[in-house]
Number of protein chains: 2
Amino acid sequence: MFEAAELGRKISREEFDAMAPALRTELLDLQQRLREADFPVVILFAGVDGAGKNETVNLLNEWMDPRWIVTRAYGDPSDEESERPEYWRFWRDLPPKGKIGLFLSSWYHHPLVDHAYGRITTAELDEQLERVEAFEKTLADEGALIIKFWMHLSEKGQKKRLKTLEKDPFNSWQVTEADWRHWEMYPKFIAAAERIIMHTSRGNAPWQIVEGADTRYRSAVVLNAVKDAITTHMEARETAKSVAAQNKAKNKAKKSDKSAALASQPSILSALDMTQSLTKEQYTQELQEQRARLAKLYRKAKDKGVSTVLVFEGSDAAGKGGAIRRLTASLNARDYQVIPVAAPTEEERAQHYLWRFWRYMARAGRVTVFDRSWYGRVLVERVEGFCSEEAWRRAYHEICDFEEQMVAHGIVLCKFWLHITEAEQLLRFNTRSEIEYKKWKLTDEDWRNREKWGEYEHAVNEMVERTSTSNAPWTLIEANSKLFARVKVVRTVADALEAALSKGKKKA
Amino acid sequence: MFEAAELGRKISREEFDAMAPALRTELLDLQQRLREADFPVVILFAGVDGAGKNETVNLLNEWMDPRWIVTRAYGDPSDEESERPEYWRFWRDLPPKGKIGLFLSSWYHHPLVDHAYGRITTAELDEQLERVEAFEKTLADEGALIIKFWMHLSEKGQKKRLKTLEKDPFNSWQVTEADWRHWEMYPKFIAAAERIIMHTSRGNAPWQIVEGADTRYRSAVVLNAVKDAITTHMEARETAKSVAAQNKAKNKAKKSDKSAALASQPSILSALDMTQSLTKEQYTQELQEQRARLAKLYRKAKDKGVSTVLVFEGSDAAGKGGAIRRLTASLNARDYQVIPVAAPTEEERAQHYLWRFWRYMARAGRVTVFDRSWYGRVLVERVEGFCSEEAWRRAYHEICDFEEQMVAHGIVLCKFWLHITEAEQLLRFNTRSEIEYKKWKLTDEDWRNREKWGEYEHAVNEMVERTSTSNAPWTLIEANSKLFARVKVVRTVADALEAALSKGKKKA
């Protein structure tokens, strides 16, 4: 795979100097245009130590305007990082739209090193690469430009390079014992590298192998590649935007027929027994029991560092707020956080749509309650046409992947759909509009959403079908009776915690 | 001090239940109105263990809407926290405008406990309280409502309370060994508490001592106090806003006379020798020397975990960007970050104006370069009237306090004012407007700012006078010669690092 990167290609100083000024101006100019663009640029550097990863990143920072560049390298995770799913640290460092992120020793670092050292099997490597691929696909699908450089040196070339560096008083510090150790393991690194490149070179995030022996050659290759990739991507996005606008117009015409056809479809929700309820006495007793259970279980979870994430979705006026309050009453306020999900902020809009949920991942042992969530993409955004059909269709997979990462990290995840019937909603809307201090809860939007009941029901149905997995199942709550709903919510969370904690015990 | 909080005041269940529904509705309603308000609410709970701090915070979360409340308690700092100035963790948790933050074991925790245990002297306690006061004043001056509750129990009362808790199977976990140890040290805690309350009870952030023995009594006191404080503050802010609007109109009239009077004033800047320059040869050699020095020194600093913060201010076209690039070229891109300071984002606008700079405090050993900074408040915001005179006047003190915290944490701080003459600026503007790829740098705003040269010069003069301290001095850079300026910047940073590192040595 690397033969073509061991040809000894060079560029003379004269050639380089002749090319430099124009290229630099173009890059600076491009950066200015990029600032207005609707996508971020993620540039990864990986490869053989000594092949110029650091130097090239420094050069990019020097040639371009470092104010619109974010450079990140990763050492051992901080305690705040290791208390969250592995990719949290990468998500929090993603550049916003219009900026460039340069990543050294990124999400490829561990797979590469661990496999070369024999700490993981090839099957495990492949599994990790699937995570990598899913991550990059998620970013690319939302428009991010991903450029990946593999900086290569031959075995001999690496030895020569490390020796040269060691002799240079300015740069000798760069050569560490690990570098020499890795040189001795050269074939193992190359084997891991080949597998990595093979598996993760996809159309939306291809690897470019760069011969790293000659500074000027590799600099020219990388700088030109960055320039070309950004230019091409910018044009492609423009084209895509105009096509999307045309499609949107077309789809609008189609839409009305569709909604009519939908109304008659049976749905998971229609199978719910909506008559279930509790008497006031049953409620008081059962709620107290379940809350006492929950209070004990979550404290155990806290002591073990097990976090809980609770997702509440539901029709307007289905009683999410009330159910959340009954639940959090069993918890110590310092241990939980309720995140109301409304329109994203400016900083959130400049990022991937999942970014704003990643940022609220809590530290070990905490409970995070999302009042509405990432499911907005396949509910309100789908129904209202705030995102393209292609975008919400792919969201099912993105969401499952996101949740899988939580569960893999040991987070207890419960997802609730609070369901009420159309008639019950009308009743509640009318009550709200009559009680002074509840009026603020009822907006014109609620009435508008109500008109699309059928479309929402269809979307919910599909959401449950597509995202209720064994690891992260949906719990449907029959919420016509608030009392019944509240108890079922608290019981479900307690059950989930109990199951997770006993699983932990079996392991130990 | 606490006699009035040991009177055994109680409220009967009947009284409480009679009061509860209306109070709760009022609180919920207030919270909705607060969401539109232009200030955050910071509520602190401190006091004797067992006096109901936790319970009251839980109650507030239960009665009010937890979606607009952020609850925080602090244990040992995480590694990410301990690598930054002490108050970083508090700044990052501050509620935005319209929200309520409930703080348990907050910035009062360490002063109280450390003094009670005799780990700090009374003089040291006082010093820490000054930091607390400055912090609260800074928040209050920008509009934050700060409410502080000291929950009290008598010595006997505490013993009784701890025993009762221990007997309750649901709550026995709350009583720790530390609680009993603290009970034995009761007089010491009370002595520290008295001093703390005395020193930090100010008009903008008064303490309210609450008798904690009876749950209903203390709940009623706190809930009513919160309600009253928010209501009063909301009204006061409205009044203040209309007064400010009137004053602004008046001041505008005055302003023009002032600017005329200013033009003739001598300034620190006029004393600079603006003819200083370097030949191309001198520049190449000196820059290389200084960069080599800097490269070595910053690596040493990195190894020691010493962070560097560099502030660049200067007239438009003074060459900040160029100077920054020459400087960062000596650094490894993974170790520094350049923060361009432009208009704040929506999330930043919802916070204290210093919040957006606190958020960029880097981890140990990094270099953070601010291209424009918190000095915007006393420069552009002052000159353009974006904030009130009172606000920019008090900013001098707030800024000194902010920088003092960095320096106290061991951060090396350099502040540069890059100065050019009016004639030189005109020359550069004209050049920019002629060169295609530099055009984007020149905006109409630059020309408008230029018309206010005298006012800006006056503001800069005062800024340097007021904020150049021995710990955080300004370095004025004669920047008519770009070459001279760049070398002086790099040399200054290298000097500062050298001084800081040798100081560290002496200590060790």
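The values are calculated or read from the model by the stated rules, or taken from the named source; none is laboratory data. As the structure is a prediction and not an experimental result, all values here were calculated from the model. Neighbour counts run over all protein chains shown; Cβ positions are idealised from the backbone, glycine included.
Assorted remarks:
- Of the helices (runs of 4 or more DSSP H) lying entirely inside region A:1-103, those containing at least 2 residues that are β-branched (Val, Ile, Thr) and in contact (Cβ under 8 Å) with a residue 24 or more places away in the chain span A:53-63.
- Among the residues listed as A:Asp141, A:Asp179, the single one being more than 30 Å from A:Lys99 (Cβ to Cβ) and among the charged types (D, E, K, R): A:Asp179
- Unmet criterion (only one of (1) within 14 Å of chain B (Cβ to nearest Cβ); (2) surrounded by fewer than 16 Cβ atoms within 10 Å (Cβ to Cβ); (3) in contact with a helix residue (DSSP H, G or I) (Cβ under 9 Å, 6 or more places away or on another chain)) for A:Glu36: (3)
- Residues that are among the aliphatic types (A, V, I, L, M) and away from every other protein chain (no Cβ under 12 Å), drawn from region A:431-450: A:Leu442
- Within region B:120-154, the set of residues being among the aliphatic types (A, V, I, L, M) and within 18 Å of B:Glu403 (Cα to Cα) comprises B:Leu129, B:Val132, B:Ala134, B:Leu139.
One line per residue, one yes/no per condition, for (1) surrounded by fewer than 20 Cβ atoms within 10 Å (Cβ to Cβ); (2) more than 20 Å from B:Asn54 (Cβ to Cβ); (3) not charged (D, E, K, R):
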residue: B:Tyr74; (1), (2), (3): yes, no, yes
residue: B:Asp79; (1), (2), (3): yes, yes, no
residue: B:Arg84; (1), (2), (3): no, yes, no
residue: B:Gln128; (1), (2), (3): no, yes, yes
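- Just one residue in the set B:Val42, B:Val48 is crowded, with 18+ Cβ neighbours inside 10 Å and either at pLDDT 95 or above or not assigned by TED's automatic domain parsing to the domain that holds B:Tyr108 (or both); that residue is B:Val42.
- Test result for A:Gly47, more than 8 Å from chain B (Cβ to nearest Cβ) and in contact with a Lys or Arg (Cβ under 8 Å, 6 or more places away or on another chain): yes
- Listed by position, the helices (runs of 4 or more DSSP H) enclosed by region B:344-413 that each have at least 3 residues that are more than 14 Å from chain A (Cβ to nearest Cβ) are B:380-383, B:389-408.
- Subset of region A:153-205 [polar (S, T, N, Q) and buried (at least 16 other Cβ atoms within 10 Å of the Cβ)]: A:Ser154, A:Gln158, A:Gln174, A:Thr200
- Residue in region A:410-429 that is polar (S, T, N, Q), surrounded by fewer than 17 Cβ atoms within 10 Å (Cβ to Cβ), farther than 30 Å from A:Val306 by Cα and in the same structural domain as A:Glu451 (by TED's automatic domain parsing) present: no
- Enumeration of residues in region A:326-342 that are more than 18 Å from the chain's Cα centre (by Cα), more than 7 Å from chain B (Cβ to nearest Cβ) and either part of a loop (DSSP other than H, G, I, E, B) or more than 30 Å from A:Gln288 (Cα to Cα) (or both): A:Ser330, A:Leu331, A:Ala342
- Of all residues in region A:325-344 being hydrophobic (A, V, I, L, M, F, W, C) and free of Cβ contacts under 8 Å to residues at least 60 places away in the same chain, the one that is surrounded by the fewest Cβ atoms within 10 Å (Cβ to Cβ): A:Ala343
- Any hit, region A:374-390, residues being hydroxyl-bearing (Ser, Thr, Tyr) and at pLDDT below 95: yes
- Selection count, region A:463-481, where residues are crowded, with 18+ Cβ neighbours inside 10 Å and acidic (Asp, Glu): 1
- Candidate set from region A:430-462 (those that are β-branched (Val, Ile, Thr) and exposed (fewer than 13 other Cβ atoms within 10 Å of the Cβ)); member that is nearest to A:Ile477 (Cα to Cα): A:Thr431
- When residues of region A:50-89 are limited to those that are touching a His at 6+ places or on another chain (Cβ under 8 Å) and under 14 Å from A:Ser106 (Cβ atoms), the one farthest from the other protein chains (Cβ to nearest Cβ): A:Glu86
- Region A:119-145: number of residues that are outside any helix (DSSP H, G or I) and free of Cβ contacts under 8 Å to residues at least 12 places away in the same chain: 3
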